[in-house]
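Student: Can you keep this structure in mind? I'll have questions shortly.
The values are calculated or read from the model by the stated rules, or taken from the named source; none is laboratory data. All of these numbers come straight from a predicted model, not from anything done at the bench. Backbone-built Cβ (ideal geometry, glycine too); neighbour counts: all protein chains shown.
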Amino acid sequence: MMVNLRQACIFTLVAVCSASPGGCVARGTPRANRTPAAWRLRDLFHAAGRISKVDRARACQDALAVLRQAAEDRSPAIRVHVMEALPLALGRDGGAMCKQALSDPSAEVRFAAAMATGDLRYEPAREKLLRLAKYKVEGAERDARTYCAVIYALHRLGDDSHTGELGKLLFDRRQNVRASAAVILGKMREPSATVPLNEALAQELDHGMRLELTRSLARCGDRRALRLLEAYTKAQFVDERALAIQAMAELKSPMGARVFLQVLRGDESPRVRVTAAGALARIGAEKSAGFRYCAQAALRPRETMRRALGGRREATDQETASLQRLAATALGWSSRDEAIDVLAAIMASDDGGVRVAAAAAILQAMPQYRRGLRPLRDGKTRKEQPKPGPEARVRPKGPKLHSAGAKD
C-alpha cells in the first residue's frame with residue numbers, strides 16, 4: 001500500500017510538471033527541447049502585461065528624445081546623468097551636447113561635460129576648452145574639479161600644456177578635488193602617474209579616497225592595485241563594492257568572471273548584484289540568472305529591495321531609483337533581445353535618472369539604429385564639423401607627473 005501511494009505521488013508530480021508551460025525538464029531531455037530561462041521570463045512578462053515587444057527604431061528615437069529633454073532639465077543631477085551617459089549612448093554624435101554643457105551654470109554638469117568631451121575626443125570643443133583652461137581668469141573655469149576635467153579633455157585632444165597641474169591638485173586640501181585629480185590621472189593611463197598616486201595613497205586617510213587612488217593605479221597598470229580591487233568587492237559599503245566591480249570590468253581583470261559570479265550569487269545588496277550581472281555581460285560572460293535578476297530589479301525595484309531587506313525596514317525612494325538606474329545600465333550591456341523591451345518599459349519612469357539610464361542603455365545596445373539621429377545643438381550640420389587633424393590623432397607623449405607633496 002505504501003509503495004502504491006508513493007508511485008501515485010510520483011505519477012501526479014510528473015503529470016503536473018508536464019502540463020505546466022515552463023515545467024520540470026528531465027535531466028536527459030535534449031537541449032534543443034528545453035525552454036531557456038530567459039524565454040520563460042520574457043513569456044511571463046508579456047503574459048502579465050508588464051512589457052510588450054517594441055519597435056527597435058522607434059525605441060531609439062524615443063530614447064534620443066528623452067536624452068534631449070533631460071539635457072534641459074531643471075535638476076543639475078539629471079543633466080549630470082545625461083553627460084555621463086552620452087559617450088556610450090551616442091558616441092561622437094553626442095559631442096555637440098557636451099560642448100553646449102561646458103557653459104552650464106552648474107559646476108557638476110560642467111565637470112561631467114568636460115569628461116565626456118575628453119572621452120569622445122570632440123575636436124570642435126577645443127577652443128572652448130582652451131578658454132576654460134585659463135584657471136580663475138575672467139571668463140575661464142573657476143571650479144577646481146572642473147578645471148581637472150578640462151585638463152583631461154585637452155589631454156585627449158593632444159594638448160598637455162596643463163597636465164602637470166594634476167600632480168599638485170592630487171594633494172589639494174579639499175577631498176573632492178583630490179578625488180577628481182585621482183580619477184583623471186587614472187583615466188589618462190600614464191605610467192608616470194603611478195609615482196604621485198602611490199605617494200598620495202600612502203598619505204591618504206579617507207577610506208573612499210583610498211579606493212579611488214587604488215582604481216587609478218590599476219588603470220595605470222599597477223598589478224598590485226588590480227589585485228586589491230578584488231578585496232574591495234567584499235568591502236563594508238555598497239558603493240565601494242559596486243565601484244570595485246565596475247573598475248574590474250573596465251580593466252578586464254583576469255579574476256573578473258570568477259569574482260562577479262560570486263558576487264551575483266552571494267552579495268546581500270541588490271545594487272551590487274545587478275552591478276555584478278552587468279559586469280559579467282560587459283566581459284562577454286553574461287548569465288541567465290544575472291539577466292533575470294536585472295530585469296526583475298528594473299521592473300519591480302521596490303519588491304526586489306523588500307526581499308533583500310527581509311522586512312527589517314522599507315527601502316527609500318532614493319534606494320529604489322538607484323537600483324533601477326543600475327539595473328538599466330547593466331541591461332545596456334546585455335546581448336539578449338528582451339533587454340530592449342524591459343528598458344523601453346522603464347523609460348517612462350517618473351524618476352528622471354531612471355529615464356536617462358534606460359534611454360542611454362537602449363542607444364548603447366543598438367548602435368545600428370542610431371544612424372540618422374543627429375542631436376546637434378551648436379548650429380552645425382554633420383558635414384560642417386571638422387575632423388580631427390593628424391596632430392589630434394597622434395598625441396605626443398605626455399610629460400612626467402611629479403608630486404607636489406602634501407602642500408596645498
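Student: Scan the range 81-133 residue by residue and report those that are of a type outside the set (Gly, Ala, Ser) and on the phi > 0 side of the Ramachandran plot.
Tutor: If the condition is that a residue be of a type outside the set (Gly, Ala, Ser) and on the phi > 0 side of the Ramachandran plot, then Arg121 is the only one that fits.
Student: Kindly provide the set of residues from the range 200-241 that are within 18 Å of Lys187 (Cβ to Cβ) and of a type in the set (A, V, I, L, M, F, W, C), ordered by number.
Tutor: Listed by number, the residues that qualify are Ala200, Leu201, Met209, Leu211, Leu213, Leu217, Ala218, Cys220, Ala225, Leu226, Leu229.
Student: Of the numbered conditions (1) under 22 Å from Lys234 (Cβ atoms); (2) in a loop (DSSP other than H, G, I, E, B); (3) among the basic types (Lys, Arg), Arg210 fails exactly one; give the number of that condition.
Tutor: The one condition Arg210 does not meet is (2).
Student: Right, here's the next one. Would you mind stating whether Gln236 is assigned to a loop (DSSP other than H, G, I, E, B) and either not assigned by TED's automatic domain parsing to the domain that holds Glu319 or not hydroxyl-bearing (Ser, Thr, Tyr) (or both)?
Tutor: yes
Student: Which numbered condition trips up Glu303, out of (1) among the charged types (D, E, K, R); (2) surrounded by fewer than 24 Cβ atoms within 10 Å (Cβ to Cβ); (3) under 26 Å from Arg258 (Cβ atoms)?
Tutor: (3)
Student: Hey, does the range 122-145 have a residue that's of a type in the set (Val, Ile, Thr) and under 25 Å from the mean Cα position of the chain (by Cα)?
Tutor: Within the range 122-145, not a single residue is of a type in the set (Val, Ile, Thr) and under 25 Å from the mean Cα position of the chain (by Cα).
This table checks each residue for (1) of a type in the set (D, E, K, R); (2) farther than 30 Å from Asp55 by Cα.
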| position | (1), (2) |
| --- | --- |
| Ala242 | no, yes |
| Arg271 | yes, no |
| Ala279 | no, no |
| Ala297 | no, no |
| Leu331 | no, no |
| Ser334 | no, no |
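Student: Would you check which residues across the range 163-177 are more than 14 Å from Asp206 (Cα to Cα) and either basic (Lys, Arg) or assigned to a helix (DSSP H, G or I) (or both) and list them?
Tutor: Glu165, Leu166, Gly167, Lys168, Leu169
Student: While we're looking at this one, here's another question. Would you be able to tell me the number of residues in the range 157-176 that are without any contact (Cβ under 8 Å) to a residue 40 or more places away in the chain and touching a Phe, Trp or Tyr at 6+ places or on another chain (Cβ under 9 Å)?
Tutor: Matching residues across the range 157-176 total 3.
Student: Just one of the numbered conditions (1) buried (at least 19 other Cβ atoms within 10 Å of the Cβ); (2) more than 19 Å from Val109 (Cα to Cα) is not true of Ala153; which one?
Tutor: Of the numbered conditions (1) buried (at least 19 other Cβ atoms within 10 Å of the Cβ); (2) more than 19 Å from Val109 (Cα to Cα), the odd one out for Ala153 is (2).
Student: Would you confirm whether any residue within the range 74-83 is in contact (Cβ under 8 Å) with a residue 60 or more places away in the chain and surrounded by fewer than 17 Cβ atoms within 10 Å (Cβ to Cβ)?
Tutor: Yes: the range 74-83 contains one or more residues that are in contact (Cβ under 8 Å) with a residue 60 or more places away in the chain and surrounded by fewer than 17 Cβ atoms within 10 Å (Cβ to Cβ).
Student: Which residue is farthest from the chain's Cα centre (by Cα), if the candidates are limited to the range 332-357 and must be more than 12 Å from Leu299 (Cα to Cα) and outside any loop (DSSP other than H, G, I, E, B)?
Tutor: By that ranking, first place goes to Glu338.
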